């Protein structure tokens, strides 16, 4: 049950933030929060991460849907076997994928607006952040499992 609540909370935060940006800014409009470092910049991404595959919305949407369905199936089938960390990693990735899929289906593009100019040139959204958090949690899980295996082997 807490898994569903987490996904819903993440999805609501993502969708509300995108709605606020799309409703209040014009495309390409940028509001500096920290000048030359962090801005809210409204862009319409018709591709995937880092602007790749622009204009190939149908292919991207189909691949994303299959990935989300696979992740959901994997979580459901393995929910009793997954560690908490693994479960959270998959839930974050699923939530992020679902947030961007909803955009592609409802708007025909993904609303991106988080613009850290001081770090890189890409603009992203909360769904993208969720996916990255999920991947980071997977890496942490892998490192912890490898450490545990090495400790068991050395006994």
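All of the numbers you see were taken from the coordinates with simple rules; none came from a lab. None of these values were measured; they are calculated from a predicted model. Cβ placement follows ideal geometry from the backbone for every residue including glycine, while neighbour counts extend to all protein chains displayed.
Nearest 10 degrees, 0 to 90: what angle lies between the long axis of helix 126-153 and the longest principal axis of the chain (Cα atoms)?
Approximately 20 degrees, to the nearest ten.
Could you work out [θ]222 nm for the chain from helices alone, using -39500 (n - 2.57) per DSSP H run of at least four and dividing by all its residues? Round to the nearest 500 deg cm²/dmol. Working shown, then result.
Details: 4 runs with 96 residues, N = 155.
Result for the chain, helices only: -22000 deg cm²/dmol.
Using R₀ = 25 Å, calculate the FRET efficiency as 1/(1 + (r/R₀)^6) where r is the Cβ-Cβ separation of residue 154 and residue 78; round to 0.05.
Values: r = 29 Å, r/R0 = 1.16.
After rounding to 0.05, the efficiency reads 0.30.
Just one of (i) 0.93; (ii) 1.05; (iii) 1.07 is Rg/Rh (Cα atoms, Kirkwood Rh) as worked out from the coordinates here. Which one is it?
Computed from the coordinates, Rg/Rh (Cα atoms, Kirkwood Rh) corresponds to (ii).
State, as an integer percentage, the relative contact order of the chain based on alpha-carbon contacts under 8 Å between residues 6 or more apart. Walk me through the intermediate numbers first.
Working: 197 pairs, mean separation 45.0, N = 155.
Across the chain, relative contact order equals 29 percent.
Report the extension gain between residue 147 and residue 121 in nm, rounded to one decimal, defined as 0.36 nm multiplied by the number of residues separating them, less their alpha carbon distance.
Contour length minus the Cα-Cα distance gives 5.8 nm.
Which stretch or stretches of segment 66-85 have amide N atoms under 17 Å from the point lying 7 Å from residue 3's Cα along the Cα→Cβ direction?
The answer is 67-85.
Could you please rank 121, 145, 80, placing first whichever residue has the fewest other Cβ atoms within 10 Å of its Cβ?
80, 121, 145
Taking the Cβ-Cβ separation of residue 69 and residue 27 as r and a Förster radius of 25 Å, what is the calculated FRET efficiency to the nearest 0.05?
It comes to 0.20.
Compute the length gained on full extension between residue 85 and residue 136: take 0.36 nm times their separation in residues and subtract their Cα-Cα distance, giving the result in nm to one decimal.
My answer for the length gained is 17.3 nm.
If you fit an axis through the alpha-carbon atoms of helix 2-24 and take the longest principal axis of the Cα set of the chain, what angle between them do you get, 0 to 90°, nearest 10?
20 degrees
So what's the angle, to the nearest 10 degrees on a 0 to 90 scale, between helix 57-78 and the longest Cα principal axis of the chain?
30 degrees
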